[in-house]
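J.: Quick one: structure below, then a few questions.
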Amino acid sequence: MSKIETPRPIRGTQDMHGEQAERFHHVVHTFDRVRRLYGFGRIEVPVFEPTAVFSRSLGETTDVVSKEMYSFEDRGGESLTLRPEFTAGIARAYLTEGWQQFAPMKVATHGPLFRYERPQKGRFRQFHQLDAEVIGAPEPAADIELLCFADQLLHELGVADGVTLQLNTLGDTETRDAWRTALVAHFTRHEGDLSAESRDRLAKNPLRILDSKEAQDRPIADSAPDIDAFMSADAGKFFETVTKGLDAAGVKWTRMARLVRGLDYYRHTAFEFVTERLGSQGTVLGGGRYDGLIEALGGSHTPAVGWAAGIERLAMLIDAPAIEPLDVAIIPMGEAAERAAYGLLANLRRAGLKSEMGWRGNMKKRMQRAAAAGARFAVILGDEELAQGVAMVKDMTTGEQHPVAMDVLVDAVSPR
RNA sequence: GCGAUCGUAGUUCAACUGGUUAGAGCACCGGUUUGUGGUACCGGAAGUUGCGGGUUCAAGUCCCGUCGAUCGCCCCA
């Protein structure tokens, strides 16, 4: 008989168990709690969409559309894509579900995303993000609220210490276009000294030269003009309102004039919460204002702002969540005792006590497992106890034990 | 897509410049204790050294390929 070969997991996917899974869910749970404090309603959107949802919204940036999306044809020949981000799908839902009636709409969601990328630290092909958006709000108040939300989330997760909020503005359309023109002129003047990658970027995505990692690009990028010189009065006012709001709310930030976005629809606020602790994949939460996106999907002009945060990256940064100790471990000896134990177990759990029963092994083994699970009490049940209508309750911290009548067991092991 | 490093029991790691039967800790199972844990001791099970090919008297070790992991580049919605 030839051995069956077990199929391998798909590259860049992960199976989580134990501490890793607990970390993951602690992040999600904290997000869900904080999001309510800010009045962000939970939404659910599909994991896959017509490819056009993403190709239209992502626009001209060819790499992400052609190389990095999981696209395939369904049986009807329609091109579908596993969502590589939340924003485009949410924007689509906003238009097709008539959610305009709820504007300004504050929404939150989380779940898996898919990008065909080379896996590395904190970067997977199926990964997971938290997401928060405010759609239909031109007011800088929306930006401020989202940033406060993000900041509080990171604080409540206990990761804020090593993380800094880098903030920039990309201005309004007028400002951005003027700045971009000046940047192209500047980089063209120094084209000969740029790295090969950056010469490429000059044609495709000149703003990206600003945050190039190539040492030879740094002097040229650093001497490039800041957006401030081109800022329109409106755009300047907008940014000032955001920064003053953050100061008033006690959210620490640093201006990062080199922080840009790869896509054209971004306007005004752009931000990233960055840590040094994760190597080159150090952005833990990032976002910005995308006033042009919804128009690209065929909607009317709809200003919006949002952010997303990598759950895996946050999960790596937080302290290990404390494991909840077991309240009670029931240790039955014999069939009759086991049958009785089901009743006790049900009562304990219905009373909200975390309880488990040992299924196998001799008493020593079961005691060991009870201890390993951090049980506060072990409840030993054998023929002698059954005959007397009691259970032997052992306090695992003191080691003392005494018989307790079965009908008052829940009381006896409940925390005072 | 590109570059570098790495792949040995469930897991973390050993095995000198190629040389007998690939070892250990933890975890697991059993025992010392026919109903009492967090210690100690004894024993057991567990590996086609990722996979495929090559060189050699001999390969975990060297070479090629492949798959995967890690770190970086590209990209980062």
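J.: How would chain A be classified by its alpha-carbon gyration tensor: rounded, prolate or oblate, with rounded meaning a/c under 1.5 and the a/b versus b/c comparison settling the rest? Before the final figure, lay out each step's value.
T.: Values: a/c = 2.51, a/b = 2.24, b/c = 1.12.
The shape class here is prolate.
J.: Past the 32 Å Cα-Cα mark, which pairs from A:LYS121/A:LYS364; A:LYS213/A:LYS252; A:LYS204/A:LYS237; A:LYS106/A:LYS213; A:LYS106/A:LYS244? Please list the in-between numbers first.
T.: Values: A:LYS121/A:LYS364 43 Å; A:LYS213/A:LYS252 25 Å; A:LYS204/A:LYS237 30 Å; A:LYS106/A:LYS213 35 Å; A:LYS106/A:LYS244 22 Å.
Beyond 32 Å: A:LYS121/A:LYS364; A:LYS106/A:LYS213.
J.: Once you've got the GNM for chain A with C-alpha springs shorter than 10 Å, pick whichever of A:ALA91, A:ALA370, A:ALA224 has the biggest mean-square fluctuation.
T.: A:ALA370
J.: I would also like to ask the following. If one takes the longest principal axis of the Cα atoms in chain A, at what angle in degrees, from 0 to 90 and to the nearest 10, does the Cα axis of helix A:173-189 lie?
T.: It is inclined by approximately 70 degrees.
J.: Give me the percent of accessible area attributable to carbon and sulfur for region A:328-413, probe 1.4 angstrom. Let's see the in-between values first.
T.: Details: 2550 of 4910 Å².
Carbon plus sulfur share of accessible area: 52 percent.
J.: Among DSSP beta bridges lying fully in region A:328-413, give the percent that are antiparallel, nearest 5. Show your work: numbers first, answer last.
T.: On the way: 9 of 17 bridges.
Roughly 55 percent of the DSSP beta bridges within region A:328-413 come out antiparallel.
J.: In degrees between 0 and 90, to the nearest 10, how far off the longest principal axis of chain A does helix A:233-249 point, with axes built from Cα atoms?
T.: Its long axis makes an angle of about 30 degrees.
J.: Another question, if that's okay. Among A:LEU246, A:LEU259, A:LEU386, whose mean-square fluctuation peaks in a Gaussian network model of chain A (Cα, cutoff 10 Å)?
T.: A:LEU386
J.: What order, most packed first, do the peptides A:6-14, A:213-221, A:145-153, A:231-239 have when packing is the mean number of other Cβ atoms within 10 Å of each residue? Display every interim value, and only then the final one.
T.: Working: A:6-14: 10.4, A:213-221: 14.2, A:145-153: 22.3, A:231-239: 17.4.
Highest mean packing first, the order is A:145-153, A:231-239, A:213-221, A:6-14.
J.: Can you classify region A:328-413 as rounded, prolate or oblate using the Cα gyration tensor, where a ≥ b ≥ c are the square roots of its eigenvalues, rounded means a/c under 1.5, and otherwise it's prolate if a/b beats b/c and oblate if not? Walk me through the intermediate numbers first.
T.: Values: a/c = 1.25, a/b = 1.08, b/c = 1.16.
Because its axes are fairly even, with a/c under 1.5, region A:328-413 counts as rounded.
J.: Follow-up. Of all the accessible heavy-atom surface of region A:11-116, with the other protein chains kept in place and a 1.4 Å probe, what percent is carbon and sulfur? The partial results should precede the final answer.
T.: Values: 2970 of 5660 Å².
Carbon with sulfur: 52 percent of the solvent-accessible area.
J.: Further question: Express in whole angstrom the spacing between the alpha-carbon centres of region A:197-237 and region A:158-179.
T.: 13 Å
J.: On to the next question. Over region A:328-413, with the other protein chains present, what is the accessible area per residue in square angstrom, probe 1.4 angstrom? Spell out each step's value before the answer.
T.: Numbers: 4910 Å² over 86 residues.
Per residue, region A:328-413 has an accessible area of 57 Å².
J.: Rounded to the nearest 10 degrees, what's the angle between the helix A:140-156 long axis and the longest principal axis of chain A, both from Cα atoms, 0 to 90?
T.: 40 degrees
J.: Just from its helices, what would the mean residue ellipticity at 222 nm be for chain A, if runs of 4 or more DSSP H residues each count -39500 (n - 2.57) and the sum is divided by every residue, rounded to the nearest 500 deg cm²/dmol? If you can, show how the numbers build up before the last one.
T.: Numbers: 15 runs with 157 residues, N = 416.
Calculated from helices alone, the mean residue ellipticity at 222 nm is -11000 deg cm²/dmol.
The values are calculated or read from the model by the stated rules, or taken from the named source; none is laboratory data. Computed from a prediction, not measured in an experiment: that's the story for all the values here. When we count neighbours, we look across all protein chains shown, and the Cβ atoms used for this are built from the backbone with ideal geometry, even at glycine. To get the accessible areas, we keep the full protein, side chains included, count just its heavy atoms, and leave off ligands, DNA and RNA. Shrake-Rupley method; radii C 1.70, N 1.55, O 1.52, S 1.80 Å.
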